[in-house]
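> Below is the structure I would like to discuss, written out as C-alpha cells.
Quick note: the coordinates plus some simple rules give every number you see, no bench work behind them. Note that this is a predicted model, so its numbers are computed, not measured. In this analysis, Cβ positions are derived from the backbone assuming ideal geometry, glycine residues included, and neighbour counts consider all displayed protein chains.
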Amino acid sequence: MSLSSDTIAAIATPPGEGAIAMIRISGPDALGIVARIFQPAGKPPILRQATFGKIHDGEEILDQVLLTTFQAPASFTGEDMAEVTCHGGILLAARILETVLRSGARTAEAGEFSQRAFFNGKIDLTRAEAIMDIIRARTAPALRAAALQLEGRLGQEIIALRDTVLEVVAHLEAWIDFPEEGIDPATGRLLLSKINTALKRSEQLLSTADEGRVLREGVRLAIAGLPNAGKSSLLNRLLGMDRAIVSEIPGTTRDTIEESACLRGVLFRLTDTAGLRNTNDPVEREGVARSTRAMDSADLVLHVFDASSESSPSPLHEREILVANKCDLLPADSSPFSNAIPVSSLTGQGFEALIDAMTNACGAHHISAGDSLAAINARHKALLESTAAALLAAADLVEKNAPPELAAVELRSALDALGRIVGATDTEDILGEIFSRFCIGK
C-alpha cells in the first residue's frame, strides 16, 4: 500500500446501528467533494468548526448532518480533510459514502488514513501502532500505556537513542577519513561509554517486552488438574457466568475452552483443560494432549485439585498456583494445605485471595501501577534485539582497539534497526504489513 494523490473516503465508525455515524474524507479534492454534496443551513463552513446542514444526492436530501473541515497541513492526515457526522443508520451511512465516492473519492484501504498521517510527518510508526492499541485496549493499564505511546514517549526515546548512536558513528567515520590521527585512548573510552549507555537503554527497553505483551494480549493462563477437580466450575466462577459444562462424571471436558476475563485490571486469557489422566478413550486422550499443549504455552497454570479427596499433588508447571478446590467440604477448622490456596467454586470462598495470587504471579501490580513508556510490541522487540547485538559487537571492537571501520559497520546496523522502529528507514512491505492491521476508516 503506497501513498497516492487520490482522495479517499470511508465510514470511520463501527458497523451497525447507533446514534451517529461518521464518514471521513481525505485528499486533495476532499473540500471540493463536500462542497458539491453539502448544503449549509446558514453560513458556509468554517475550517475546524462543525457546520450544520444537509447532505444531498442530486435532488434527494439524505440527512441533516454536521460537517467539519480541515485544511492541509492542519489535519490528522496532513491533507485536506472533511468529516461528515450523520445519524447512525447502517443504510444511511452507506448511502452518504456512495454519494461521496460518486463525487470523486475512492474507498480507503485499511489503515490508509493513518498511513497518510505517517507519510506526511504527522506521526511516527510507534504512534501509528499506538492508535490500534488504543482501539483494542481491554484494560485500563493497556489503555494508559497506549495513550503514552500515542503521545510519542516511546518514539522520542528511540530517536534520542538513535541520536546517541549517530554521534558515535560520526566520530568513528571522521577517524576513517583521517586515519593518520588515530583514536586516542581518552576519546576511545568516551566513545565506548556512549555505546555502553545506548546498549544499557536498549536492554532496559527490551526488558519490558513481556509487559508489553501482557498489556496487549493478556496473560495466558491454563486451568489444569485431575478429572473432577472442579476446573470448569472454577472457570465459571472466574468468568461470572456458566461457560463450561459442569458434571460429576469424570472426563466431561473433552476439549480446551478459552475465554477472557479482566481481573484487577489485568486481562487473563483463561483455558479450561480436560482432566489429566491415562485413558483408552481416543477422544479423551486427544483432550489430554491438548491440555498438555495448553500448559506448555501458558504463562501461568492454576493447578486445581479436590481438597476433599486428594493430597497435595506434584507440580505440573514451573509457574503454577496450587488451588485446593471444594474446601467447603472440609471441616470448618481444618487447613491441611499450607502450600495451596483454598477455594470453593460453589460458594466463592477464597477467590479474592486466588485473584490476588494470579495478579501477583504475573507481575500485574507493576503493570497496573506504572506509567512506563515501554509497552514495546513484538516488532519493537525484534528490532531492539538487533540493535543490542550490534551495539554489543561495536563496544567489543572499540574496546579491542580494532579498526574503526568494523565498529562503524555494527553501529550502522544499530542505526538501521532503530530507524525501522519509528519508520525513519522502513521499507514499503513493512509499512503495508503494519497498516493492513488497521480498521477501515482509521
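> With percent of Cα pairs over 28 Å apart in mind, check (i) 60; (ii) 65; (iii) 54 and report the label derived from this structure.
Read-out from the structure maps to (ii).
> Using alpha-carbon positions, what is the distance between the centroids of the range 320-362 and the range 204-223, in Å?
So the separation of the two Cα centres works out to 25 Å.
> If you don't mind, there's one more thing I want to ask. Could you check which residue among Asp272, Asp63, Asp210 shows the biggest mean-square fluctuation in a GNM of the chain with a 10 Å Cα cutoff?
Asp63
> Same structure, new question: Going through the DSSP H helices of the chain, which span 20 Å or more along their own axis at the Cα atoms while scoring at least -0.5 as a mean Kyte-Doolittle hydropathy? Can you show the working numbers first?
Details: long enough: 153-177 (36 Å, 0.46); 185-206 (31 Å, -0.06); 282-296 (21 Å, -0.91); 378-399 (31 Å, 0.64); 404-422 (27 Å, 0.68).
Both cut-offs are met by 153-177, 185-206, 378-399, 404-422.
> How many angstrom lie between the Cα centre of the range 278-309 and the Cα centre of the range 68-82?
55
> Would you mind getting me the FRET efficiency between Ala147 and Ser436? Use the beta-carbon distance for r and R0 = 25 Å, nearest 0.05. Spell out each step's value before the answer.
Values: r = 24 Å, r/R0 = 0.94.
The value I calculate is 0.60.
> Further question: How far apart, in nanometres, would the label points at Ile61 and Val283 be if each is projected 7 angstrom from Cα along the Cα-to-Cβ direction?
About 6.3 nm, to one decimal.
> Quick query: amide H of Lys54 versus all other amide H atoms, modeled in the peptide plane; which residues come in under 5 Å with a sequence gap of 5 or more or a different chain?
Gln39, Ala41, Val65
> Extension gain Glu167-Asp356, at 0.36 nm per residue separation less the Cα-Cα distance, in nm? Display every interim value, and only then the final one.
Values: separation 189, 0.36 × 189 = 68.04 nm, distance 4.72 nm.
Gain on stretching Glu167 to Asp356: 63.3 nm.
> Run the count for the chain, please: Lys pairs, Cα-Cα under 26 angstrom, 8 or more apart or on different chains.
Here the count comes out as 10.
> If you don't mind, there's one more thing I want to ask. What is the gain in length, in nm to one decimal, between Lys43 and Ser308 on full extension, counting 0.36 nm per residue of separation less the C-alpha to C-alpha distance? Mind showing how you got there, number by number?
Values: separation 265, 0.36 × 265 = 95.40 nm, distance 7.77 nm.
Length difference between fully extended and current span is 87.6 nm.
> Mind checking which of Leu354, Leu330, Leu31 has the largest fluctuation in a GNM of the chain, springs on alpha carbons under 10 Å?
The residue that fluctuates most here is Leu330.
> Divide by every residue of the chain the summed helix terms, -39500 (n - 2.57) for each DSSP H run of at least 4, and state the resulting mean residue ellipticity at 222 nm, rounded to the nearest 500 deg cm²/dmol. Present the calculation step by step, with values, prior to reporting the outcome.
Details: 15 runs with 198 residues, N = 442.
Calculated at 222 nm, the ellipticity per residue is -14000 deg cm²/dmol.
> Right, another one. When the chain is modelled as a GNM with alpha-carbon springs shorter than 10 Å, which of Ile376, Ile11, Ile123 fluctuates the most?
Checking each option, the largest mean-square fluctuation is seen for Ile11.
> How long is the gain from Asp6 to Ser297 if the chain were fully straight, where each residue apart is worth 0.36 nm and the alpha carbon distance is subtracted?
Details: separation 291, 0.36 × 291 = 104.76 nm, distance 4.55 nm.
Answer, rounded to one decimal: 100.2 nm.
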